[in-house]
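Worksheet for the structure shown next.
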Amino acid sequence: MLRNTLLWASTNPLLSEKLPRYRFVQRATRRFMPGEDRDDALAAAEALDQRGIDAMITLLGEDLSSRDEVDGVVRHYQEALSDIADRGITTEISVKPTQLGLEYGVEEARARLGELAAATPSLVWVDMEGSKHVDATLEIFKSVKEDAGNVGLCLQAYLRRTKDDLDALLPLDPAIRLVKGAYDEPASIAFEKKGEVDRNFVELTQTLLRARETGGGLPVFGTHDPRMIGEVSRMAYELGLGKDQYEIAMLFGIRRPEQARLARTGNRVRVLISYGPAWFPWYMRRLAERPANLWFVAKQIIG
Ligand SMILES: Cc1cc2nc3c(=O)[nH]c(=O)nc-3n(C[C@H](O)[C@H](O)[C@H](O)COP(=O)(O)OP(=O)(O)OC[C@H]3O[C@@H](n4cnc5c(N)ncnc54)[C@H](O)[C@@H]3O)c2cc1C
């Protein structure tokens, strides 16, 4: 019930507008978001870099409603890519199709993603949003992948269709970030039980690692789950893949000792840093994933 309440809060416009104005609410987010500005995110990326951990940054905000806003997001990321090059760090960017103008059609978002890919030699990651955007997101990704090459795509293990989507993408030798999935999806299209999602995650992991063994592409496993991380390491080892052949990705502030341990033991670790003023829906989704974090939030507020 708590999870559903948090997911409901994540889509409530009134709460989204009012709650972030309170100082105590802002204070409670610091553990998972270094700040609202790009400089805050890049300073955090630099600090991670010094500890042997790579970063990815993402400007929060989705479903943008005007072309001016879309232009602003594209400019923001272009400046971010230039800042990243100046700082000499390996940070990548991760973008949402609805931030790139998907509202105005696949062609618009495709062109914007192409502009970002052209502005960097590094991978530009495409986040996966709610299920109604999956077809368009795949189309945009495939098109820019064929033109530019340096794009990666997030796929969600909770969606029943993902196995087929992945099979169709593999001939492109894609960089794929596998996650469990963060949105509220109906049982008709998504596995609901954690055990089912985990099982699918493990099967997709196997497909990705086997593809890595024989082809190009880069598998990235975006999870904090110790069991999933254990399965990734075990399967990679059994296939004879080195630790440099895949990445483990986690969110900023979550399981920090584990991030450090993985990096120390020779794994490629990447941390996704989210920032920006539009953090409320994203933050509610994070709490919904792990309501135990509400205790942490309460402590921050009281403290
Ligand atoms: C790098 C990255 C990128 C992502 N991109 C997307 C995306 O584009 N689209 C999308 O839909 N989703 C995305 N997600 C979110 C993802 O879909 C999951 O919702 C999220 O990662 C939680 O699932 P999990 O695999 O970590 O484990 P869960 O199944 O939520 O939890 C399993 C176990 O992991 C550990 N754990 C999980 N969360 C925490 C925590 N907060 N603190 C401590 N331990 C924890 C606990 O031991 C827990 O029992 C991304 C996640 C990451 C890490």
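Here the strands (runs of 3 or more DSSP E) wholly within segment 153-256 that include at least 2 residues being touching a Cys at 6+ places or on another chain (Cβ under 8 Å) are 175-179.
Checked against the criterion of being more than 13 Å from the ligand (Cβ to nearest atom), without any contact (Cβ under 8 Å) to a residue 60 or more places away in the chain and crowded, with 17+ Cβ neighbours inside 10 Å, the candidates M235, M228 yield just one match: M235. The one condition from (1) modelled with pLDDT under 95; (2) of a type outside the set (K, R); (3) surrounded by 17 or more Cβ atoms within 10 Å (Cβ to Cβ); (4) within 9 Å of the ligand (Cβ to nearest atom) that Y275 does not meet is (4). With modelled with pLDDT of 95 or more, more than 19 Å from S233 (Cα to Cα) and surrounded by 16 or more Cβ atoms within 10 Å (Cβ to Cβ) as the only criterion, which of A182, A190 stands out? Every option except A190 fails the conditions. Filtering segment 1-38 to residues that are of a type in the set (D, E, K, R), touching a helix residue (DSSP H, G or I) at 6+ places or on another chain (Cβ under 8 Å) and surrounded by fewer than 16 Cβ atoms within 10 Å (Cβ to Cβ) leaves R3, R27, R30. Within segment 115-130, being within 16 Å of T98 (Cα to Cα) and either in contact (Cβ under 8 Å) with a residue 60 or more places away in the chain or surrounded by fewer than 18 Cβ atoms within 10 Å (Cβ to Cβ) (or both) holds for E115, W125, D127, E129, G130.
Of all residue pairs spaced 6 or more apart or on separate chains, those with beta-carbon atoms under 8 Å, a first member in segment 41-69 that is more than 20 Å from A260 (Cβ to Cβ) and a second member that is part of a helix (DSSP H, G or I) and of a type in the set (F, W, Y) are L59/Y77; L60/W282; R67/Y104.
For segment 190-204, the set of residues classified as more than 11 Å from the ligand (Cβ to nearest atom) and within 25 Å of V151 (Cβ to Cβ) consists of N200, E203, L204, listed by residue number. Being within 21 Å of Q206 (Cβ to Cβ), crowded, with 23+ Cβ neighbours inside 10 Å, touching an Asp or Glu at 6+ places or on another chain (Cβ under 9 Å) and hydrophobic (A, V, I, L, M, F, W, C): is that true of A109 here? No, not satisfied. Among the residues of segment 203-216, none qualifies, meaning not one is of a type in the set (K, R), within 30 Å of R23 (Cβ to Cβ) and surrounded by fewer than 16 Cβ atoms within 10 Å (Cβ to Cβ). Within the bounds of segment 272-290, is there any residue that is farther than 17 Å from D37 by Cβ, in contact with an Asp or Glu (Cβ under 8 Å, 6 or more places away or on another chain) and outside any helix (DSSP H, G or I)? No: zero hits. What pairs come out if I take residues in segment 174-200 that are farther than 22 Å from P281 by Cα and without any contact (Cβ under 8 Å) to a residue 40 or more places away in the chain and pair them with residues that are of a type in the set (V, I, T) and within 13 Å of the ligand (Cβ to nearest atom) whose C-beta lies under 7 Å away, six or more apart or interchain? Partner pairs satisfying both residue conditions: F191/V197.
A single member of T223, T214, T207 is under 22 Å from E92 (Cα atoms) and either more than 13 Å from the ligand (Cβ to nearest atom) or among the β-branched types (V, I, T) (or both), and it is T223.
The values are calculated or read from the model by the stated rules, or taken from the named source; none is laboratory data. Nothing here was measured: the structure is a model prediction, and the numbers come from that model. Methodologically, a virtual Cβ is constructed for each residue, glycine included, from the backbone with ideal geometry; neighbour enumeration extends over all protein chains shown.
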